[in-house]
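Notes follow the structure.
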Amino acid sequence: MTDLEPAAMTVVRLDKKGDFAEWRAAARHLLAQHIPPHQVDWRGPDNDMSLFGDQLGAAPIRQEKAEGRAPTISLPRELVDMADHIICHRSADVPARLYRLFWRVQADRYLLGRKTDDDVHWARKMVKNISRDIHKMHAFVRFRHLGVGDDGRENYAAWFEPEHLTLRLGAPFFQRRFSGMNWAIITPDARAIWDGQRLVMGEGGQRDDVPDHDVVEQQWRAYYGAIFNPARVKISAMRSEMPKKYWHNLPEAQDIASLLAGAEQRVAMMQAAEHQTPNKRTEKWQKNAQAALADVLGGAGDGLDAPENLEQLGRSLDQCRRCSLHCAATQAVRGEGPVDAALMMVGEQPGDQEDLAGRPFVGPAGQLLTEMMAQNGLTRSDIYMTNAVKHFKFQPRGKMRLHQRPTAGEIDKCRWWLDLERQMVRPKFIITLGATALRGVLGPKGKLADLRGQVIPLSDGAVLFPTIHPSYLLRLPDKEKAAEERAMFAADLRRAAQHLAAAGVG
Ligand code: URA
């Protein structure tokens, strides 16, 4: 070949879109043969016509791939995981751009760390898009009840239209969550079927494949109507959390327009009622929401009752989908302690160890807290210990799960559970540990820096003591500063213990 001759193009024909195994096998073959990205013409089932045509002496490699095992090429695990997501994106240039990344990483093992590199930036953005699409699927799939099958198991089906080809990655979540029933999720591109034993992927379908009404639908609507709080309506936030394109598959969305239309009137009524009886509004709202929640959970075949006590609340909590944190966490961590505790201690969220154990405050911060409580007049077994956010929020880093602070939105969503716990335990005193816990109790009203050390009366008659989170003490590198902060934290605990003793409950 002279310099003037064009290099031969290698045509890769992919049979399926979004099939990572197929793309990866082809990419490994290409890498093993040292074929650079600009000499590869990727074609999918929808773009069989190559940009260059076949006249450039293309040498399809599909046959080779089908015959032999893909050669072993060493690639960073992180890139493989990213590619597994990115391949689900619908953009036609994904196979080619991904291959360029795989090619470049062979020569530069640190490529992924170069955040300003165009290819790396593109890849990270694509992973984000796909993860968002999977989250939307987890939040917005609604199963229709089809009846009981020959095997005696309940059958459910859902129609869903994800933006990308994400069913393969999204379906295992439903397998974990709804393992006790048979279900199918049908999308235009693929379907996932779970029969209690195996999760199988198949061909896509049509909306008509799934009935669009059933009894569970009424329950979703009742639930949504009950938890709809007109005083908190923020239409833009609502749209971004529940984008309009998903509405036609959501039973509860049919009610949004009428709920919004009546919102102003309901707010006025609620404000008027609040002047006469401060807590009536919350009580009524909570009662409706509890009844509706019980309907939804019971209707989905779990046989759960309304959360009327802490035990039931714990079981309902396991089903919580109020925000996306449940997706990655092992389990919701419920509060723990006597139902009539005079003191409630509210932390931020379960940590790594709490997430695995299903119990609050058992990890390093919890151990330090328990020790310091005992030294300063507070007995852990007398106290109701809970968290503002019930699921562990983390970022995976290799084998580690690094703690991440919950957002204001996540704290506010989870307040629904904390409020129920407060109503059931009715503590006379509450200690909040850190800013998240403070927001969980007070809402966006106060800053920890301003309120720490104060004694704050709450509208339900309880008294609040805001202090720092013990994990802060564990993070301080300076020994002197750590000792100073520890002494202040101990003083905060002692002050609370003295108030309890003065009230005759310590
Ligand atoms: N930190 C918290 O805030 N809560 C726990 O349960 C554990 C650690």
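Between ASP208 and ASN309, what is the label-point separation in nm under the 7 Å Cα-to-beta-carbon projection?
The modelled label-to-label distance comes out at 5.2 nm.
Of the trypsin sites (Lys or Arg not before Pro) in region 302-405, which ones lie in a loop per DSSP and count no more than 16 other C-beta atoms within 10 Å?
Within region 302-405, the qualifying trypsin sites (Lys or Arg not before Pro) (loop, at most 16 other Cβ atoms within 10 Å) are ARG321, LYS399.
Counting only protein chains, not ligands or nucleic acids, how are THR10, THR116, THR370 ordered by accessible area (probe 1.4 Å), most first?
Details: THR10 15, THR116 130, THR370 45 Å².
Ranked list, largest accessible area first: THR116, THR370, THR10.
Just to make sure I understand: if all protein chains stay in place, what is the order of VAL425, VAL200, VAL339 by accessible area at 1.4 Å, largest first? Each step should come with its number before you reach the end.
Working: VAL425 10, VAL200 60, VAL339 85 Å².
These residues rank, largest area first, as VAL339, VAL200, VAL425.
Averaged per residue, what accessible area in Å² does region 324-502 show with a 1.4 Å probe, protein chains only?
Heavy-atom SASA per residue in region 324-502 reads 45 Å².
Per 0.36 nm of contour for each residue apart, how much would the distance between ALA328 and GLN395 grow if the chain were fully extended, relative to their Cα-Cα spacing?
This chain segment gains 23.2 nm when fully extended.
I'd like the accessible area for ASP133: 1.4 Å probe, protein heavy atoms, all chains in place, Å² to the nearest 10.
10
Please quote Rg/Rh for region 324-502 to two decimal places, taking the Kirkwood radius as Rh and restricting both calculations to Cα atoms.
0.94
I want to check the label-to-label distance for LYS447 and GLU161. Put each point 7 Å from Cα in the C-beta direction and report it in nm to one decimal.
Result for the modelled spin labels: 4.7 nm.
So how much slack lies between GLU480 and LEU356, counting 0.36 nm per residue of separation and subtracting their Cα-Cα distance, in nm? Mind showing how you got there, number by number?
Values: separation 124, 0.36 × 124 = 44.64 nm, distance 3.36 nm.
Taking GLU480 through LEU356 to full extension adds about 41.3 nm, to one decimal.
Pairs LYS390/LYS481; LYS17/LYS125; LYS17/LYS136; LYS125/LYS445; LYS136/LYS447: which are spaced more than 29 Å apart, C-alpha to C-alpha?
Distance filter (> 29 Å) returns LYS390/LYS481; LYS125/LYS445; LYS136/LYS447.
Subtract the Cα-Cα distance of HIS121 and ALA8 from 0.36 nm times their separation in residues, and report this length gain in nm to one decimal. Could you put the intermediate results ahead of the total?
Working: separation 113, 0.36 × 113 = 40.68 nm, distance 3.00 nm.
Additional length available on full extension: 37.7 nm.
To the nearest 0.05, how large is the calculated FRET efficiency for GLN175 and GLN106 if R₀ is 41 Å and r is the Cβ-Cβ distance? Don't skip to the answer; put the middle values down first.
Numbers: r = 35 Å, r/R0 = 0.87.
After rounding, the FRET efficiency stands at 0.70.
For the full complex of protein chains and a 1.4 angstrom probe, list ASP46, ASP84, ASP355, ASP151 by accessible area with the highest value first.
The most accessible residue leads, giving ASP46, ASP151, ASP84, ASP355.
The values are calculated or read from the model by the stated rules, or taken from the named source; none is laboratory data. Since this is a predicted model, take the numbers as computed values, not measurements. When we count neighbours, we look across all protein chains shown, and the Cβ atoms used for this are built from the backbone with ideal geometry, even at glycine. For accessibility, only protein heavy atoms count, side chains too; no ligands or nucleic acids. Shrake-Rupley method; radii C 1.70, N 1.55, O 1.52, S 1.80 Å.
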